[in-house]
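The values are calculated or read from the model by the stated rules, or taken from the named source; none is laboratory data. From a predicted model like this one, the values you see are computed outputs, not experimental measurements. Cβ placement follows ideal geometry from the backbone for every residue including glycine, while neighbour counts extend to all protein chains displayed.
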Amino acid sequence: MNKPVEIRWHGRGGQGAKTACLLLADAAFSSGKYVQGFPEYGPERMGAPITAYNRISDERCTVHSNIYNPDFVVVVDESLLECVDVTAGLSPEGAIIINTDKEPADVRPLLRGYTGKVCTIDARAISEETLGKNFPNTPMLAAAVKVSGVVDPDRFVQDMEASFRHKFATKPQVIAGNMNALTKSMQEVKAG
Amino acid sequence: MIHAKDINEHSPWQQLTPGCEIYEPGTAAAFNTGDWRTATPIYHADRCKQCLLCAPYCPDCALRVKDGKLTGIEYMHCKGCGICTKVCPFGAITFEEEGK
Amino acid sequence: MARKDRLSGNEAVAFAMKQIDPDVMGAFPITPSTEIPQYFAQYVANGEVNTEYVTVESEHSSMSTCIGASAAGGRAVTATSSCGLALMWELLYVAASDRLPIVLACVNRALSGPININNDHSDSMGARDSGWIQIYAENNQEAYDNFVQAYPIAEAAGVRLPVMICQDGFITSHAVENIELCEDAEVKDFVGEYNPEHYLLKHENPLAVGPYGVSPYYMEAKVAQAHAMMNAKQVILDVGRRFGEMTGRSYGFFESYQLDDAELAILLIGSSAGTARACVDELRAQGKKVGMLKLRVFRPFPAEEIAEALKGCKAVAVMDKTESFSGNGGPLGAEVRGALYDLPTPPRVINYVYGLGGRDFRVEDCAQVFDELAEVAVNGVTGSTYRHIGQREE
């Protein structure tokens, strides 16, 4: 049986981590994969730490529990490193992807001894440059695709463009900005 | 279709309608309320002037009116309230204890 | 032609409702079922359905709306969860005893208290004796498939009972997964036109619904209702087979997974079955004779069929995702134990209460259950037959 790639998202309520998680499920689905995208629900409030999950595989995955030993972790808000054990159970063969303007080597000391790959991406800067506002989830999604390799990056970019054209049919001016955010993020994500 | 008249307290469960639905209107007519009566109004045609004051007062439509004339009392539905005996100005309906 | 898509369980059910295009929806939101009337409202606003969308002030009223609409001769639908279902309680019995083929999408959530919005089965299990047919789903696909089958079961001659299509709140209702959808025309054809013989709005034949039943009639009415539930068994099998002919996905009362030669079995309902399936695969790979029975239909309860499926097992874990506070186990445990009692050599039964209020059920938890079962089977010492799993202990 093939083991699904498991991804855990950490964000704050209102940042779009859940949306990014569902968009990743969409992208993987479009490339022919079996997907799960689900948030961990509670009485969430704006700003509170939230968790969301993806399982992506070539066969249907029937497990419906949360993910405790992810292959990849995506941290949409850097300040979560101080209050959430984001590397809990994270495979040392995998990677953590963090939204920060710091270098991977500078954030590693905050990761409670995690020995695997640490990737950083300044999603805030990319978002502000390409979209004019801090919407970190689009660049984080792109970085997650690039680092995890769960979806072919070229295919991903094509699918996302189609998806943006559909989603933003009434405001086409934001499509180019979102596409720029994606491609820029895939180029700029740093591994250490 | 099962009609209300064909259902009674001896009907086996298979002969009830689903959810006890009743498929026709006015089925109260088939229900004997005459045995609730402890006193019985008696109609005296010889004293009756056919003023018909009594008929609209009857709560159970138990006063039989045909072609504009009172013809008698429907004892299957009369519960023996006695209102008709009170409203008749001519003493044409008298009230007697049941069994007398 | 099947259409491949990815939808959450709530989206899937709302989509099935759209394809069925019922006459009336009684709509009132409650987490985690809220998305169903929300998505459906969009279909109504877009003119994609002809449904009369009745927004009401409570679940008591949404079920009342359904009862009125169904008695009037329409197809009625609603969705709810948890305390919403509890507020419908009185009306659930009215719907069932008036033999109204209403369909309710139940997105299972814990009942208070402490107040909690996450999944367990305490809401629908509490309603288990209300006279509704109850069908449970493992995932979004089954929630969709079950919903498409609901009206043909509910409206069948000899049945005429309301149907509750249940799925696990958040775990499947809010999880996006792959799904195969039927074409609109296929669903329309499968569900068919609803032409009840008797209904309130049939002007040439006025009808009285829900009359008072004095003692000389009440018992007979209830026996008739009980027989309607028994009749539902064959109809559920027929509809499940017919659905399989259309889609390739057939349904029965339950799914037996690796049960043929299983010595140890786990019996459960809903999304946990997928997790248990993965556990069974792992243990089978280690050569252990384990299996799973995923119960789909809880009402009517397929007692004989379950006994037949489990008769070869040495020990069975029955997993209740609800407490019944009987001091003796959960409702599923009691029913399954009752079903096995008449076997000449019944398996040992351990009844677990698990997964309350969103407590996660992991592959490891399932493996622990099988470990404990193995102990029971090997030593023959049952110990406590009523256990909780997943809670913190001193």
- prompt: Considering the stretch C:153-163 alone, what residues qualify as being surrounded by 24 or more Cβ atoms within 10 Å (Cβ to Cβ) and either within 14 Å of chain A (Cβ to nearest Cβ) or not hydrophobic (A, V, I, L, M, F, W, C) (or both)?
  reply: C:P162
field: Where a residue in the stretch B:78-90 is within 13 Å of B:H44 (Cβ to Cβ) and its partner, wherever it lies, is modelled with pLDDT of 95 or more and assigned to a loop (DSSP other than H, G, I, E, B), with Cβ under 6 Å and at least six apart
entry: B:C84/B:C58; B:F90/B:R47; B:F90/B:K49
- line: The condition from (1) in contact with a His (Cβ under 7 Å, 6 or more places away or on another chain); (2) closer than 24 Å to A:G149 by Cα; (3) within 14 Å of chain C (Cβ to nearest Cβ) that A:N69 misses is numbered (1)
query: Can you name the number of the only condition in (1) more than 25 Å from C:A12 (Cβ to Cβ); (2) away from chain B (no Cβ under 14 Å) that C:R128 fails?
result: (1)
query: Of the residues A:D77, A:D58, which is in contact with a Phe, Trp or Tyr (Cβ under 8 Å, 6 or more places away or on another chain) and either farther than 26 Å from A:G14 by Cβ or not hydrophobic (A, V, I, L, M, F, W, C) (or both)?
result: A:D58
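In this structure, does B:N32 turn out to be exposed (fewer than 13 other Cβ atoms within 10 Å of the Cβ), modelled with pLDDT under 95, under 15 Å from the mean Cα position of the chain (by Cα) and within 30 Å of C:L207 (Cβ to Cβ)? First the steps, then the outcome.
Values: exposed (fewer than 13 other Cβ atoms within 10 Å of the Cβ): yes; modelled with pLDDT under 95: yes; under 15 Å from the mean Cα position of the chain (by Cα): yes; within 30 Å of C:L207 (Cβ to Cβ): yes.
Here the answer is yes, as B:N32 does meet what is asked.
Examine the stretch B:12-26 for a residue that is more than 22 Å from C:P206 (Cβ to Cβ), surrounded by 11 or more Cβ atoms within 10 Å (Cβ to Cβ) and within 14 Å of chain C (Cβ to nearest Cβ), and state whether such a residue exists.
Yes, because at least one residue in the stretch B:12-26 is more than 22 Å from C:P206 (Cβ to Cβ), surrounded by 11 or more Cβ atoms within 10 Å (Cβ to Cβ) and within 14 Å of chain C (Cβ to nearest Cβ).
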query: Could you say whether any residue in the stretch C:164-174 is within 14 Å of chain A (Cβ to nearest Cβ), among the hydrophobic types (A, V, I, L, M, F, W, C) and in contact with a Cys (Cβ under 9 Å, 6 or more places away or on another chain)?
result: no
Candidates C:G358, C:G329, filtered to the one that is touching a residue at least 40 places away in the same chain (Cβ under 8 Å), farther than 22 Å from A:H64 by Cα and not hydroxyl-bearing (S, T, Y): C:G329
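Residue check: is C:I102 of a type in the set (V, I, T) and within 14 Å of chain B (Cβ to nearest Cβ)? Walk me through it before giving the result.
Values: of a type in the set (V, I, T): yes; within 14 Å of chain B (Cβ to nearest Cβ): yes.
So C:I102 passes the test.
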task: Sort out which residues of the stretch C:337-364 are touching a strand residue (DSSP E or B) at 6+ places or on another chain (Cβ under 6 Å) and in a helix (DSSP H, G or I), and write them in order of number.
output: C:R337
One residue from A:G37, A:G11, A:G47 being within 10 Å of chain C (Cβ to nearest Cβ) and small (G, A, S): A:G37
task: Go over the candidates B:D6, B:D35 one by one and state the one that is closer than 30 Å to B:T85 by Cα, more than 8 Å from chain C (Cβ to nearest Cβ) and acidic (D, E).
output: B:D35
- request: Could you please find all residues in the stretch C:265-287 being under 20 Å from C:G330 (Cα atoms) and of a type outside the set (S, T, Y)?
  value: C:A265, C:I266, C:L267, C:L268, C:I269, C:G270, C:A273, C:A276
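Got at least one residue in the stretch C:102-119 being among the hydrophobic types (A, V, I, L, M, F, W, C) and part of a helix (DSSP H, G or I)? Please lay out each step first, then the result.
At the first step, the residues of the stretch C:102-119 found to be among the hydrophobic types (A, V, I, L, M, F, W, C) are C:102-107, C:110-111, C:115, C:117.
Right, trim to part of a helix (DSSP H, G or I) and you get none.
Checked against the condition, which is being among the hydrophobic types (A, V, I, L, M, F, W, C) and part of a helix (DSSP H, G or I), the stretch C:102-119 yields no hits at all.
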- request: For C:S112, state whether it is touching a helix residue (DSSP H, G or I) at 6+ places or on another chain (Cβ under 7 Å) and either within 14 Å of chain B (Cβ to nearest Cβ) or free of Cβ contacts under 8 Å to residues at least 12 places away in the same chain (or both).
  value: no
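Kindly establish whether C:I133 is away from chain B (no Cβ under 14 Å) and either surrounded by 24 or more Cβ atoms within 10 Å (Cβ to Cβ) or within 13 Å of C:I165 (Cβ to Cβ) (or both). Can you show your working first?
Values: away from chain B (no Cβ under 14 Å): yes; either surrounded by 24 or more Cβ atoms within 10 Å (Cβ to Cβ) or within 13 Å of C:I165 (Cβ to Cβ) (or both): yes.
Against the criterion (away from chain B (no Cβ under 14 Å) and either surrounded by 24 or more Cβ atoms within 10 Å (Cβ to Cβ) or within 13 Å of C:I165 (Cβ to Cβ) (or both)), C:I133 qualifies.
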query: From the list A:T87, A:T183, which residue is within 23 Å of A:P4 (Cα to Cα) and either at pLDDT 90 or above or assigned to a strand (DSSP E or B) (or both)?
result: A:T87
Positions within the stretch C:178-210 being in contact with a strand residue (DSSP E or B) (Cβ under 6 Å, 6 or more places away or on another chain) and either loosely packed, with under 13 Cβ neighbours inside 10 Å or within 14 Å of chain B (Cβ to nearest Cβ) (or both), in sequence order: C:A208
query: Do any strands (runs of 3 or more DSSP E) entirely within the stretch C:283-333 hold 3 or more residues that are over 14 Å from the mean Cα position of the chain (by Cα) and either of a type in the set (D, E, K, R) or buried (at least 24 other Cβ atoms within 10 Å of the Cβ) (or both), and if so, which?
result: C:290-295, C:315-320
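Please go through the stretch B:1-29 and pick out each residue that is in a helix (DSSP H, G or I), modelled with pLDDT of 90 or more and touching a Ser or Thr at 6+ places or on another chain (Cβ under 8 Å).
Correct list: B:G19 only.
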query: Could you list, in sequence order, the residues of the stretch C:66-101 that are among the polar types (S, T, N, Q), surrounded by 24 or more Cβ atoms within 10 Å (Cβ to Cβ) and not in a loop (DSSP other than H, G, I, E, B)?
result: C:S70, C:T78, C:T80, C:S82
- request: Of the conditions (1) in contact with a Cys (Cβ under 9 Å, 6 or more places away or on another chain); (2) within 13 Å of chain A (Cβ to nearest Cβ); (3) of a type in the set (A, V, I, L, M), C:A265 clears all except one; give me its number.
  value: (2)
field: Matching entry among C:Y251, C:Y257 (being touching a helix residue (DSSP H, G or I) at 6+ places or on another chain (Cβ under 8 Å) and without any contact (Cβ under 8 Å) to a residue 60 or more places away in the chain)
entry: C:Y257
field: Pick from the stretch C:217-246, criterion within 22 Å of C:D145 (Cα to Cα) and among the acidic types (D, E), ranking: nearest to the chain's Cα centre (by Cα)
entry: C:D238
message: From the list A:A52, A:A28, exactly one residue is under 13 Å from the mean Cα position of the chain (by Cα) and closer than 18 Å to C:K4 by Cβ. Which is it?
response: A:A28
Test set (1) part of a strand (DSSP E or B); (2) surrounded by fewer than 24 Cβ atoms within 10 Å (Cβ to Cβ) - C:A265 fails condition number: (2)
field: Residue within the stretch A:127-135 that is buried (at least 23 other Cβ atoms within 10 Å of the Cβ), free of Cβ contacts under 8 Å to residues at least 60 places away in the same chain and not in a loop (DSSP other than H, G, I, E, B) present
entry: yes
query: If you scan the stretch A:139-161, which residues turn out to be in a helix (DSSP H, G or I) and free of Cβ contacts under 8 Å to residues at least 12 places away in the same chain?
result: A:D154, A:Q158
